[in-house]
Amino acid sequence: MNNNEIINIRNIKLKIALFLLVTLALFIGIVNCLKHNMTSGVNGSAIYTKLLNYSMPIVSQYGQDGEEHSGQFKNLIMDALGINIYNPISILEKELPLISMENRGLNKENGSIESLNPFKLNDNSISKNNNKANPTENDLKLSNKVVPLEDNTLKKKLDANKPDILIYHTHNNEDFAPGGPNNTVVTVGDELQKILQETYGISVIHDKTVHSDNYATCYNKSGQTVDKYLNQYKDFKLIIDIHRDSGPSRETITTRMNDENIAKIMFVVSKNRKNINENMKLLNGLIGISDKLYPGYCRGIFSYNHGIGSFNQDKSSNSILVEVGSDTTKIEEATATAKYLARIIAEQLNRK
């Protein structure tokens, strides 16, 4: 190799190094710009959150249930984009939720969560555009299932002085079609409380404290609400944070039972906490009952290694986060799910 060739190689290396430095400088500039915008109140705006929820469900959903960033801004940016560089499959999970749901399972012998297996696609995992944004009941083409509903043998005497269940909402403003303050997850909580108390004698506290006025601190605020009740009552047989999903099509999150469309449910779990195995035994019990009484009603578990504030699930082994339907779900389908969820809960708590 002559001197000219050596000089040419050195020049090429220098140009590459300069290109990388310029790219890095641009990236830092973009990050600083984003940081300025985000710390100026964008995340704290409920209106902005609402817009994200409907226009960019992937970003919004990850902001709600994404892995905790421990205060590091770079992770906040990655979370906002729905990217986990250490887990590329997480990108596909947000684009195609069924990928994760079909491959995440439970070890029902020891209550632990099984690992994610290599995924595969099928027809149900692919969104098909039929030029119908809001399918009617007939368009969904759901096969009807005749299933048992109420069971009077599960009813016990109601004791209002000793509540069995606490229901609350970290994201109070998550609503169903056609939208609005009267069609939110809080409405589902009201219906669930009513049925649990009147049909099964299960005493319920339904806390409607608004935690979503500042989106960045939702779980911190809802955690304070949970702590307040735990300090007063020590613990509950069940603590339920009711949400709704965002992104999946209505066909994916709807089933038809007893001649009506019902929003499906899904449990969300933060894994990295001391009480995970005990908590999983409870979830396995609920899912087992659901699968026996209402096959296809429960979509299973969506798990995270580090949920935001552990989704408050570290506060009690009886704490669960349940998602009812999605943003495409009609409010009638969301409230209809309460009587089926109530039966599952009654079986878990009252069946001797």
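Checking Val322 against (1) part of a helix (DSSP H, G or I); (2) closer than 18 Å to Arg244 by Cβ, which single condition isn't satisfied? Result: Val322 passes all but (1). Please verify whether Tyr304 is under 28 Å from Lys221 (Cα atoms), surrounded by fewer than 22 Cβ atoms within 10 Å (Cβ to Cβ) and of a type outside the set (A, V, I, L, M, F, W, C), treating the condition exactly as stated. So Tyr304 passes the test. Annotation: of all residues in segment 148-189 being of a type in the set (A, V, I, L, M, F, W, C) and loosely packed, with under 15 Cβ neighbours inside 10 Å, the one that is nearest to Ser319 (Cα to Cα) is Ala160. Can you tell me which of Lys264, Lys281 is assigned by TED's automatic domain parsing to the domain that holds Asp175 and over 13 Å from the mean Cα position of the chain (by Cα)? Going through Lys264, Lys281 in turn, just one is assigned by TED's automatic domain parsing to the domain that holds Asp175 and over 13 Å from the mean Cα position of the chain (by Cα): Lys281.
Scanning segment 244-258 for residues that are under 23 Å from His206 (Cα atoms), assigned to a loop (DSSP other than H, G, I, E, B) and in contact with a Lys or Arg (Cβ under 8 Å, 6 or more places away or on another chain) turns up nothing. Restricting Asp245, Asp291 to residues that are in contact with a Phe, Trp or Tyr (Cβ under 9 Å, 6 or more places away or on another chain), acidic (Asp, Glu), surrounded by fewer than 19 Cβ atoms within 10 Å (Cβ to Cβ) and over 25 Å from Pro163 (Cα atoms) narrows the list to Asp291. Thr209 meets all of the listed conditions (1) modelled with pLDDT under 95; (2) part of a loop (DSSP other than H, G, I, E, B) but one, namely (1). Condition (residue is without any contact (Cβ under 8 Å) to a residue 60 or more places away in the chain, in contact with a Lys or Arg (Cβ under 8 Å, 6 or more places away or on another chain) and outside any loop (DSSP other than H, G, I, E, B)) applied to segment 216-229: is it met by at least one residue? Checking segment 216-229: not a single residue is without any contact (Cβ under 8 Å) to a residue 60 or more places away in the chain, in contact with a Lys or Arg (Cβ under 8 Å, 6 or more places away or on another chain) and outside any loop (DSSP other than H, G, I, E, B). Every test in (1) outside any strand (DSSP E or B); (2) under 20 Å from Asp207 (Cα atoms) is passed by Asp241 save one, and that test is (1).
For Leu196, only one of the following conditions fails: (1) over 21 Å from the mean Cα position of the chain (by Cα); (2) modelled with pLDDT under 95. What is its number? Among (1) over 21 Å from the mean Cα position of the chain (by Cα); (2) modelled with pLDDT under 95, the lone unmet condition for Leu196 is (2).
The values are calculated or read from the model by the stated rules, or taken from the named source; none is laboratory data. Since the model is a prediction, treat every value here as computed from it, not as a measurement. Note that each Cβ is placed from the backbone with ideal geometry, even for glycine, and that neighbours are counted across all protein chains shown.
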